[in-house]
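Step one of this worksheet: look at the structure below.
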Amino acid sequence: MQSSFSVSDSDGSSFAPLVVLELASDTQAEAVTWLLNRIKDKQRNGGAELLVEQLPLEVQGQQKGNPNIFLVGSTWQRLLCGAEEVGLFKEFHDGTMRGFTYVNRESFKDFQGDGDDFLSIAECQHIIRHELDTLRARGEAHIPGYPKVKLYPGKSVIRRLQSKGILIQYFPLHDKEDLKRLSTTWYKKVRLSFQPLDDIRHYFGEGLALYFGFLEYFTFALMPMALLGIPYYLFVLEDYDRYVLFAVFNLLWSTVFLEVWKRCSAQLAYGWGTLSRKKAFEEPRPGFHGVLGFNPVTGREEPTYSSSRRQARIYLVSVPFVLFCLYLSLHIMMIYFGLENWALSIYNEDPNFWTSLLLFIPSIIYAVVIELMNLLYRYAAEFLTNWENHRLESSFQNHLVLKVLVFNFVNCFASLFYIAFVMQDMVLLRQSLATLLITSQILNQVMEAFLPYWLQRRRNKKVHKRVRRIMGDKELPLVEQVQLEAEMNTYLGTFDDYLEQFLLFGYVSLFSCVYPLAALLVLLNNVTEVYSDAFKMCHVFKRPFSEPASDIGVWQLAFETMSVTSVVTNCALIGLSPHVQAYFPESQTQLILTVVAVEHVLLAVKFILAFIIPDVPKDIQTKLAKLEFESLEALKKKKMLEVAENPKSEK
């Protein structure tokens, strides 16, 4: 790891600042002193044993800004020990991925000298975050200077400061040189090639790299659908009923797509050392509150909250609210169909160019309303999920994902299901799908890329002028960088990015047989999405902390559920085709039974394929089994040595 700048702590030791820690400007002096001492103190005394220094006071004093901004770093020995504590996997000399240990550090590939280039900056920042998050209260009854803010023995100090608004934010610093190199290979040159996933992982961590890996894989997987869709749209669909062949291809594509991705994901995760990495014990969320009690697993004193009260909040408040939102969404959908009928009646009375344009207005308005409702519902879902008071972040995320997915699925696809299976109007289905896709993509690009970029440029100019007005020609790049990054938007994770891809996958897998250009539109959107998301990560958002990940988590299940739904939908669309119905002129019941039988066969084939195609490639399975065997053998030898040294311990 290399950094383009360094600072010195109070002892004169030079270190590379990796993390910025900002306290409220009116924080009590004794609280600041106490926190800094806890961060600097030795581990054996309950400290984090990190290096910390205040951002130059003379600049902040002249700016009349927040004086409580601190830079956090570490010695290399401390970082290497921290790598072992967090369970970091690195490449061993024999090419396998093994859990890093400080004692055997010389046996790991690329470890040279003191190991100052062995860890990436993202890994170092992740280690510092872990050390700060696990900084626990000891005998303090409350935070110094805040007698009402109580501390519980064993509770995370940083999380307590966050929940009480004393700690405003802490974030990892960008490295200008590394960021410049990454930007050059990632998005500054427009080219049809793979993304530098290893470089992305090196700079941002595995969680974000896996998202961009999935985005890249999804984009390339859309190519056969797009290439087939263009001639199919131009030459085959002269009427709106000849979509059976494309529906069959759609079924096969949506099945193979996710199974192959799991193998690709496993290969990436193994190469990055996260596939076999054990998940650390999960700490309570910062916002979790309750009556003081004892954790039966750790034995620590921490807040507890009744599970029955949480379930009551979920089923008596959250579930009714979600159902009400779904009803509201369906009610707005019926208003949209009323507008469609109104526009169609005007066109039928006086068919001309302007009235033909009027036919698209209801769909455009409805698409905009859908995006607004999704946005508003997202805030409401976050508020409700937070109010439910989940103890763990994973539980919070699972409940939030479930709420958001259910509403977004109904809000985005209900009108298409109604048109397809109630109205059975394939012309209107094609028109509505095209309008929803194009409008939502334009809105997403504006809201996700252009608007944040414009706002960030304005903020950057203000901060730059303020610093230059005070400092003149004096060069203070670190101070200016910290000031700029502190005012950047905070990246809230990959939730919204995966949600967008989930909805686009739904548009393609569910209904693209009646509008074959859907895959092409999504392909073009994803190509621009790669560049816009890359630009946002480099220049719009604060640098996020690295999040170790071995897969895309709950989103894999979400995509697989959508894939199963697409089998049912496409079989139903095939059954509605006049070409298929012509084979059953006398019995609708026989047609329905045949479609259901075919659907069950396809679902069986889908699950058989999922079973036959291993999620992890064979060579990686062998390597993992070998490592497990060696670990067991090492434990046996250790036990035998202990028994040999102390025979009485066996009895």
(message) Can you list residues from other chains, or at least 5 along the same chain, whose modelled amide H is less than 5 Å from the amide H of GLN169?
(response) GLU22
(request) Go ahead and run the numbers for FRET between VAL446 and VAL317, Cβ-Cβ distance against an R0 of 25 Å, rounding to 0.05. (result) 0.15
(message) If packing is taken as the average count of other Cβ atoms within 10 Å, what order do 257-265, 586-594 fall into, highest mean first?
(response) 257-265, 586-594
(request) Collect residues whose amide H, placed 1.01 Å from N in the peptide plane, falls under 5 Å from the amide H of LEU392; neighbours closer than 5 in sequence don't count. (result) ARG285
(message) Highest mean first, how do 200-212, 518-530, 552-564 rank when packing is the count of other Cβ atoms within 10 Å averaged over residues?
(response) 200-212, 518-530, 552-564
(message) Could you derive backbone 3J(HN,Hα) for the stretch 527-537 from the dihedral phi with the Karplus parameters 6.51, -1.76 and 1.60 (θ = phi - 60°), listing whole Hz in sequence and x where the residue is Gly or Pro?
(response) 4, 5, 5, 4, 6, 5, 5, 4, 5, 4, 5
(message) Can you sort PHE118, PHE324 from fewest to most other Cβ atoms within 10 Å of each residue's own Cβ?
(response) PHE324, PHE118
(request) Could you give me the percent of Cα pairs per 10 Å distance bin for the stretch 7-173, shortest bin first, beginning at zero and ending with the bin that holds the maximum distance? (result) 10, 36, 31, 16, 6, 1
(message) I'd like the Karplus ³J(HN,Hα) series for the stretch 163-168: coefficients 6.51, -1.76, 1.60, θ = phi - 60°, whole numbers in Hz, and an x wherever there's a Gly or Pro.
(response) 5, 9, x, 6, 8, 6
(request) Could you compute the FRET efficiency for THR589 and TYR531, with r as their C-beta to C-beta distance and R0 at 60 Å, rounded to 0.05? (result) 0.70
(message) Sorting check: for 94-101, 540-547, which peptide has the highest mean count of neighbouring beta carbons within 10 Å, and how do the rest follow?
(response) 540-547, 94-101
(request) Measure up LYS176/LYS536; LYS188/LYS542; LYS40/LYS150; LYS150/LYS403 against 27 Å on the Cα-Cα distance and list the ones that go over. (result) LYS150/LYS403
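Every number here is computed from the coordinates shown, using simple stated rules; none is lab data. Note that this is a predicted model, so its numbers are computed, not measured. As a convention, Cβ positions derive from the backbone with ideal geometry for all residues, glycine included, and neighbour counts pool all protein chains shown.
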